[in-house]
1. Which lysines have a Cα lying under 30 Å from the Cα of Lys91, excluding residues fewer than 8 positions away in the same chain?
2. Suppose every K and R has +1 on its Cβ and every D and E has -1 on its Cβ; what is the size of the dipole of the chain about the Cα centre, in Debye to the nearest 20?
3. Based on the mean of other beta carbon atoms within 10 Å per residue, what is the order of 187-194, 53-60, 30-37, most packed first?
4. So what are segment 107-242's ellipsoid semi-axes, whole angstrom, largest first, if each one is the square root of 5 times an eigenvalue of the alpha-carbon gyration tensor?
5. Along each principal axis of its Cα atoms, how long is segment 1-128 end to end? Whole angstroms, biggest number first, please.
6. Evaluate the charge dipole of segment 105-144 about its Cα centre and quote only its size in Debye, nearest 20, assuming +1 on the Cβ of each Lys and Arg and -1 on the Cβ of each Asp and Glu.
7. In units of 2.2 N^0.38 Å, what is the alpha-carbon radius of gyration of the chain?
8. Which FRET efficiency value, to the nearest 0.05, do you get for Lys115 and Arg2 by plugging their Cβ-Cβ distance into 1/(1 + (r/R0)^6) with R0 = 30 Å?
Amino acid sequence: MRIGIVYKKEKVRDKEVVSRLISKFRVRGCEVRVMHTGAELRDADCVVVLGGDGALLHAAVIAGKQGIKVVGVNYGNLGFLSEFEAAETEKVVDLVCGRHTVLPRSVLEITLNEKTVYALNETVLQRDYTRSYGHQVARFGLLLDGENIQNYVADGLAIATPTGSTAYSLSAGGCILSPDVGAFIVTPICPMGLRARPLVVSDTATFSFDLSAEKEDLKLYADGRPVGTVTPDSQICIRRAPFTADFITRNVKRLFQAVNRKLSG
């Protein structure tokens, strides 16, 4: 088995951790390659990410495109997607090399004009907060498979995967989806009006926007990273990606344990 280990030196304070991890994998007959960013990932069967949720999100999408399984060890703050905490780092060897479950997580494919990017958590269309005046709210319509289903006057809108249902969408009032549910959640951000409420729709749907009512530029993000500026004549298409991010896990149902442990305050 070919193992990739992704970590940042500033996150992993114990410099012997990676050495011990490499040794334990090699004892099991694995080939090991160490990388410092997910962008270096290639030629592996599984990648172990030592870092926070941001590093894991980034690496998981790159791994998913290549059919590489991923498992996280939390060296950040929340570590919601990680299978292990930092103190349990070496347990990842037994899990990867032994019996385990692979949980496929759906990914969003986001196209803005000619640019296509991917997101494991969510994509967000929102007003430009950098403007000091003249853009107090965004106005747009949401189209589902080409049919307008809702017009919004709001700060923005998040479209999230089940994985992302515990991230920004949850903070904006959305519900939690189990990661094995074939659905997306549409969550308005600070909407005006009582009719604008979160929606759960099939992940076979394709989303687009009617921007004709908006006179100012908007911003589009994927997993918190800027995709680009959205003008009234921009074309946006959001759908399920043709690949999944495959997470190695001890227990598919551990999501709800993590919710109670990490999000309950």
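Quick note: the coordinates plus some simple rules give every number you see, no bench work behind them. This structure is a prediction, so every number in the text was calculated from the model and none was measured. With ideal geometry, Cβ positions are generated from the backbone for all residues, glycine too; neighbour counts draw on all protein chains shown.
1. Straight-distance partners of Lys91: Lys8, Lys9, Lys11, Lys15, Lys24, Lys65, Lys69, Lys253, Lys262.
2. Around 860 debye, computed over the chain.
3. Numbers: 187-194: 17.5, 53-60: 23.5, 30-37: 15.1.
Taking the mean over residues of other Cβ atoms within 10 Å, the ranking is 53-60, 187-194, 30-37.
4. Working: eigenvalues 91, 53, 40 Å².
So the three semi-axes of segment 107-242 are 21, 16, 14 Å.
5. For segment 1-128, the Cα extents along the three principal axes come out at 50, 27, 24 Å.
6. It comes to approximately 140 debye.
7. Values: Rg = 19.7 Å, N = 265, 2.2 N^0.38 = 18.3 Å.
It is 1.07.
8. On the way: r = 32 Å, r/R0 = 1.05.
Efficiency for this residue pair is about 0.45.
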